[in-house]
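Below is one structure, written out as structure tokens, with a few remarks after it.
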Amino acid sequence: MRPLTVVPDVVADCAGIVSLARRYRHLFADHPDPAAPPRPVGTDPFDPYRDSEYEDDDRYHVLQSAWMPDDLRAAIFAAITPEGTPKTDCYVQVNRYDRGDYVLPHRDSLRQGLYMLTTSGTDGLNAQHDPETMVFVPDRAGTFVEHDPQAWHWVDPVACEERYTLVTIPPLPHRGDELSGEAV
């Protein structure tokens with residue numbers, strides 16, 4: 001398992017991205033989706049072998065690449081990547097968490113980059129650093145986090161008014177790549 005990596009100050013204009021995301025609030029899809037079929041009887045949302053892509057056990061809001069306005073997508077790339085970085089071969093989504101929203105413990109199937117867009121004294125990401133250690137990474141706008149896809153991670157119920165994060169698959173090259181990052 002690769003250790004957790006946390007690099008501060010990677011996203012240059014978090015406030016600008018969050019402002020655009022708020023402008024497009026009406027485009028965010030809700031999880032759970034009210035139209036989704038109910039979770040199959042006998043399944044447990046805390047089952048470590050559950051399909052982690054089955055997000056209808058979680059509660060948050062997402063603006064996926066396919067519905068993302070061009071100006072928001074351009075702002076994201078301008079705030080993170082070095083000039084000239086291709087913008088076509090990746091998936092990007094903005095996550096919005098309102099007070100009380102959460103993501104249950106899960107593992108991912110693909111390598112992802114997580115970028116914190118807001119700062120909070122209480123909220124953040126719980127993530128597995130190594131097989132024996134869980135850590136809490138507090139929300140600090142501009143922070144990049146990468147964990148091993150098989151690492152457990154989750155978001156506790158959000159206490160602040162709004163929490164915004166950005167997820168890319170794969171992690172985007174960024175100005176901080178010349179830094180080694182901190183293994184937490």
Could you please let me know if GLY124 is buried (at least 18 other Cβ atoms within 10 Å of the Cβ) and not β-branched (Val, Ile, Thr)?
-> yes
Number of positions in region 2-28 that are within 18 Å of GLY124 (Cα to Cα) and not in a loop (DSSP other than H, G, I, E, B) = 6
Residues of region 24-36 classified as modelled with pLDDT of 95 or more and surrounded by 15 or more Cβ atoms within 10 Å (Cβ to Cβ), total | 3
Residues satisfying the stated conditions in region 99-119, i.e. open to solvent by 30 Å² or more (accessible area, probe 1.4 Å) and either modelled with pLDDT of 95 or more or outside any loop (DSSP other than H, G, I, E, B) (or both) | ARG99, TYR102, PRO105, THR119
Sole miss for LEU72 among (1) surrounded by 15 or more Cβ atoms within 10 Å (Cβ to Cβ); (2) in contact (Cβ under 8 Å) with a residue 24 or more places away in the chain; (3) in a loop (DSSP other than H, G, I, E, B) is condition (3)
Determine the pairs where a residue that is open to solvent by 70 Å² or more (accessible area, probe 1.4 Å), located within region 9-23, has a partner that is among the β-branched types (Val, Ile, Thr) with Cβ atoms under 8 Å apart, the partner being 6 or more residues away or on another chain.
-> ASP9/THR143; ALA12/ILE80
Consider only pairs whose beta carbons are under 7 Å apart and that are at least six residues apart or on different chains; among these, list those whose first residue lies in region 107-118 and is farther than 28 Å from ALA15 by Cβ and whose second residue is of a type in the set (Phe, Trp, Tyr).
-> ARG107/TRP152
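Yes/no per residue for (1) more than 14 Å from the chain's Cα centre (by Cα); (2) surrounded by 12 or more Cβ atoms within 10 Å (Cβ to Cβ); (3) modelled with pLDDT under 90:
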site	(1), (2), (3)
PRO48	yes, no, yes
GLU53	no, no, yes
TYR60	no, yes, no
GLN64	no, yes, no
TRP67	yes, yes, no
ILE76	no, yes, no
PRO86	yes, no, yes
ARG96	no, yes, no
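The values are calculated or read from the model by the stated rules, or taken from the named source; none is laboratory data. Please read these numbers as outputs of a predicted model, since none were measured by experiment. Cβ sites come from the backbone with ideal geometry, for glycine too, and all protein chains shown count toward neighbours. Remember, those area values only see protein heavy atoms, side chains included, never the ligands or the DNA or RNA. Shrake-Rupley method; radii C 1.70, N 1.55, O 1.52, S 1.80 Å.
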